[in-house]
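All of the numbers you see were taken from the coordinates with simple rules; none came from a lab. These numbers were taken from a predicted model, which means no experiment stands behind them. When we count neighbours, we look across all protein chains shown, and the Cβ atoms used for this are built from the backbone with ideal geometry, even at glycine.
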Amino acid sequence: MSTSTSRPRPVRIGLALFVIGLVFIAIDVLPFFFDDHNTPLWLNLACLLAPLGFGMAIWSGIAAGRAEQREAARAVERQS
């Protein structure tokens, strides 16, 4: 059983992708302040890592929580 300080691996991967995506978003937005509106396609596509990572972290966090709840319910049933 996991503790509150440890996160499942998919959650950590999702959070890492989210942070990397946020960095790419910052890099993508900075040129607009200097009147350069042509950013490369790969940079725009890399910005999609943020919502992908966010979704992955949320989905896997919910799945891990539900698995812990099922495990706790089974433990209670075995004690009864």
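Yes or no, residue by residue, for (1) in contact with a Cys (Cβ under 9 Å, 6 or more places away or on another chain); (2) without any contact (Cβ under 8 Å) to a residue 12 or more places away in the chain; (3) polar (S, T, N, Q):
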{"residue": "Arg9", "(1), (2), (3)": "no, yes, no"}
{"residue": "Val23", "(1), (2), (3)": "no, yes, no"}
{"residue": "Phe33", "(1), (2), (3)": "no, yes, no"}
{"residue": "Pro40", "(1), (2), (3)": "no, yes, no"}
{"residue": "Ala50", "(1), (2), (3)": "no, no, no"}
{"residue": "Met56", "(1), (2), (3)": "no, no, no"}
{"residue": "Ser60", "(1), (2), (3)": "no, no, yes"}
{"residue": "Arg66", "(1), (2), (3)": "no, yes, no"}
Which of the residues spanning segment 1-58 are charged (D, E, K, R) and either within 30 Å of Ala75 (Cβ to Cβ) or touching a Phe, Trp or Tyr at 6+ places or on another chain (Cβ under 8 Å) (or both)?
Arg7, Arg9, Arg12
Anything in segment 24-72 that is of a type in the set (Ser, Thr, Tyr) and farther than 14 Å from Pro10 by Cα? List them, or say none.
Thr39
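Would segment 14-29 turn up any residue that is loosely packed, with under 11 Cβ neighbours inside 10 Å and over 26 Å from Glu71 (Cβ atoms)?
Checked segment 14-29: at least one residue is loosely packed, with under 11 Cβ neighbours inside 10 Å and over 26 Å from Glu71 (Cβ atoms).
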Quick one: in segment 30-69, which of the residues that are surrounded by 10 or more Cβ atoms within 10 Å (Cβ to Cβ) and of a type in the set (D, E, K, R) is farthest from the chain's Cα centre (by Cα)?
Glu68
